[in-house]
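The values are calculated or read from the model by the stated rules, or taken from the named source; none is laboratory data. As the structure is a prediction and not an experimental result, all values here were calculated from the model. Neighbour counts run over all protein chains shown; Cβ positions are idealised from the backbone, glycine included. Note: areas computed on protein heavy atoms with side chains; ligands, DNA, RNA excluded. Shrake-Rupley method; radii C 1.70, N 1.55, O 1.52, S 1.80 Å.
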Amino acid sequence: MTTFIQQLINGITLGSVYALIALGYTMVYGIIKLINFAHGDVFMVGAYIAFLCVTYLKLGLLPALIISMIFCALLGMLIEKFAYKPLRNSPRISALITAIGVSLFLENLMQLLMGADSRVFPRLVNEKNYHLFHGKVVVNSKQIYLLIITVLLMLLLNFIVKNTKIGKAMRAVSQDMDAARLMGINVDTTISYTFAIGSALAAAGGVLVGLYYNTINPLMGVLPGLKAFIAAVFGGIGIIPGAMLGGFSLGVIETLVSGYGSSMYKDAVAFALLILILILKPSGLLGKNIKEKV
Amino acid sequence: MSFAASKTIKIGVNLELSQAVAQYGQKELEGLKLAIDEINQKGGVGGKKIELVILDNKSDKTEAQNVATRLAVREKVLAILGPATSGATKSAAVAATKYKVPIISPSATDDTVTVDERTGKTKAYVFRTCFNDSFQGNVMANFALKTLKAKSAAIIYDASSDYSKGLFKNFKQTFTKGGGKIVAEEAFAKGEQDFSSILTKIRDKKPDVIFAPVYYDEAGLIIKQARELGMNMPILGGDGFDDPKVVEKAGKKFANNVFFSAHYSSQDTDSKVQEFINKFKKKYNTEPNAFAALGYDLGYFIADALKRANLKFDSIAKDRERLKTAIENTKNFVGVTGIVNINKNHNAEKSAVIIELKNGVQMFKQKLNP
């Protein structure tokens, strides 16, 4: 039983990272139906920005996190403006290919600027172990930070989407872009904000991963990016609580697969899950079945 | 310009200079360049200077083969030095065998690098100047049994790495033969960062030691995550642990009770070792690690073979054959990392050292001969 609890804790930690990245995927998809494959790389850029802030400007966790989120928000808006906006009326496949292009661009740019080798992320928080159940279950202070920051950011996002003007505009645009425009909503600005918020969340994910594994590299966004995409689809792409649910479930499932089966199968299980959900319930766990007009 | 008229002897370098295990290749290149500079300053080999043609294989097996082909065909080098890792060297060996160019790896330790696993025959053009994994695996298994008095061990290995799998197999063989028990065998795939779930599983089995034949990136993470889960048993590894990144990633506090086999120790008082350390520090302003030492040795090793090869510069194919024979006949080559004898399997027979990490500092523990 204690082993199971320990594995659950491991899984939730991993899952909160997936959830943070999945939120960005889901928001962008929800609004302009674009799978932004560069999202995982924005996550990586976020980690590097925080790394630079901490190493060269000697900042603490919170300022580094905020600077990294702001930087990536701007980066997200920039990517949208230059890479996706000109293609908004092109076939969806063009935007998808561009997204892959942006992803490769970011990965290689970072290798050029920072070197291809992995970097050690500085220790920013007091690393402390808490022993539960007579020392059989260990919770690390970093895991607690990771979970708390993730939950806080999700609550903040939920608040923005539900209660603010920009959130209302986002919801309107996601329902019907043209109708929203007719109602006087500035669609371009709304999309821009969506990218900014999604990218800022990815950046936070990157910083937290750097903090947790204390290791970052220019390709660190590739696999988590794919996993977060699976998580988003699993929970129901375009649905914010779905991304959270998908992220946490995927983290826990992966951990249990390697904890009780073999670590070699966990990626396979993640992708099998993607295929399964696409066959059984393409709209995802929390998705409603809406017939799309073609 | 014809081959015969060239003023330099072209030697190819095929190393991991970027991506996953760049640290090995970069350090080896630093050592190699230092050696070649010294040799050229003293007049080179037979009046000709050695010219290195350096290409990056990006820590990738396929790319390693492309690089080897390019060096053999387009750059027309006499021999190829590198790659650093086993998988890449095995892949490059295919091209080397096809084009009949000798390749020498300074650090590929997997047994099947020089010997074909299906036929059991030695690969004619493939050599290494380091010890192999049967030796390294034996050394660590015996160390666990005799010095640490371990009765049970858990193994974590990288299923995508030939190095890791080879070392795992050899360790297991010796450890079980010596009366030890393997209580867990956990594989992971390249690029893994989260070992907490497999470590939690291992924790339940309460092994006396953990053997993790992995490269430095994973080594640091495994040590750290194990200690964070409250697992304080000794963690053992191979020469892949020999990099400062291991301690940086694990943290000084956690880098204790860690033992690994290595090619050399900077604490060795041998005058050749100390002389090398001083020269290296003067040039690069950092301490050399074992890979730098292996790279340095490789420079002198190839120069020694070139000297004995009796090159005629009539045809590149014939000179490659002459060089190959000279490498095969290497006896008692004295390097920083030990005395090298090339045996019939194209392996280097030489000693290994065991290093312990104490609060992140490498301590010389034992020296073992083959």
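Worth a mention:
- Flag if A:LEU96 is under 22 Å from the mean Cα position of the chain (by Cα), surrounded by 13 or more Cβ atoms within 10 Å (Cβ to Cβ), more than 12 Å from every other protein chain (Cβ to nearest Cβ) and without any contact (Cβ under 8 Å) to a residue 12 or more places away in the chain: no
- Test: residue in region B:239-247 that is closer than 24 Å to A:ILE216 by Cα, within 12 Å of another protein chain (Cβ to nearest Cβ) and modelled with pLDDT of 90 or more: yes
- Taking the criterion of being open to solvent by 10 Å² or more (accessible area, probe 1.4 Å), of a type in the set (A, V, I, L, M) and farther than 25 Å from A:LEU61 by Cα, the residues of region A:172-230 that qualify are A:ALA172, A:MET177, A:ALA179, A:LEU182, A:MET183, A:ILE185, A:LEU226.
- Taken over region A:107-132, the criterion of being closer than 29 Å to B:LYS201 by Cα, within 11 Å of chain B (Cβ to nearest Cβ), open to solvent by less than 80 Å² (accessible area, probe 1.4 Å) and part of a loop (DSSP other than H, G, I, E, B) is satisfied by A:SER118, A:PHE121, A:PRO122, A:GLU127.
- Any hit, region A:246-259, residues being of a type in the set (D, E, K, R) and within 13 Å of A:VAL17 (Cβ to Cβ): yes
- Criterion (open to solvent by less than 20 Å² (accessible area, probe 1.4 Å) and of a type outside the set (Phe, Trp, Tyr)) met by exactly one of B:GLU28, B:GLU63: B:GLU28
- Top-ranked residue of region B:174-207 - restricted to ones that are assigned to a strand (DSSP E or B) and under 22 Å from B:LEU145 (Cα atoms), ranked as farthest from the other protein chains (Cβ to nearest Cβ): B:LYS181
- Among the conditions (1) outside any helix (DSSP H, G or I); (2) within 14 Å of chain B (Cβ to nearest Cβ); (3) out of contact with any helix residue (DSSP H, G or I) (no Cβ under 7 Å at 6 or more places or on another chain), the only one that A:GLY184 does not satisfy is (2).
- Candidates are the residues of region A:1-37 that are surrounded by 24 or more Cβ atoms within 10 Å (Cβ to Cβ) and of a type in the set (Phe, Trp, Tyr); the one that is nearest to the other protein chains (Cβ to nearest Cβ) is A:TYR18.
- The set of residues from region B:101-129 being closer than 21 Å to B:LYS367 by Cα and touching a strand residue (DSSP E or B) at 6+ places or on another chain (Cβ under 6 Å) comprises B:ALA108, B:ARG128, B:THR129.
- Of all residues in region A:231-273 being outside any helix (DSSP H, G or I) and touching a Ser or Thr at 6+ places or on another chain (Cβ under 8 Å), the one that is least open to solvent (accessible area, probe 1.4 Å): A:GLY236
- Hits in region B:78-117 - residues which are free of Cβ contacts under 8 Å to residues at least 60 places away in the same chain, in contact with a Pro (Cβ under 9 Å, 6 or more places away or on another chain) and over 12 Å from B:LYS324 (Cβ atoms): B:THR89, B:SER91, B:SER105, B:ALA108
- Identity of the residue in region A:138-149, in contact (Cβ under 8 Å) with a residue 60 or more places away in the chain and more than 24 Å from A:LYS58 (Cβ to Cβ), that ends up most open to solvent (accessible area, probe 1.4 Å): A:LEU147
- Listed conditions (1) within 30 Å of B:LYS58 (Cα to Cα); (2) open to solvent by less than 60 Å² (accessible area, probe 1.4 Å) are all met by A:GLY135, apart from (1).
- The listed residue being within 17 Å of the chain's Cα centre (by Cα), modelled with pLDDT of 90 or more and more than 28 Å from A:GLY238 (Cβ to Cβ), out of A:TYR48, A:TYR18: A:TYR48
- Scanning region B:94-138 for residues that are surrounded by fewer than 24 Cβ atoms within 10 Å (Cβ to Cβ) and part of a helix (DSSP H, G or I) gives B:VAL94, B:ALA95, B:THR97, B:LYS98, B:TYR99, B:ASP111, B:THR112, B:SER134, B:PHE135, B:ASN138.
- Index of the failed condition, B:GLU218 passing every other in (1) open to solvent by 10 Å² or more (accessible area, probe 1.4 Å); (2) out of contact with any Phe, Trp or Tyr (no Cβ under 8 Å at 6 or more places or on another chain); (3) in a helix (DSSP H, G or I); (4) more than 9 Å from chain A (Cβ to nearest Cβ): (2)
- Residue in region A:172-191 that is in contact with a Lys or Arg (Cβ under 7 Å, 6 or more places away or on another chain), in contact (Cβ under 8 Å) with a residue 12 or more places away in the chain, of a type in the set (A, V, I, L, M, F, W, C) and over 30 Å from B:TYR216 (Cα atoms) present: yes
- Considering region B:254-358, the qualifying strands (runs of 3 or more DSSP E), each wholly inside and each with 3 or more residues that are open to solvent by less than 10 Å² (accessible area, probe 1.4 Å), run over B:258-262, B:352-358.
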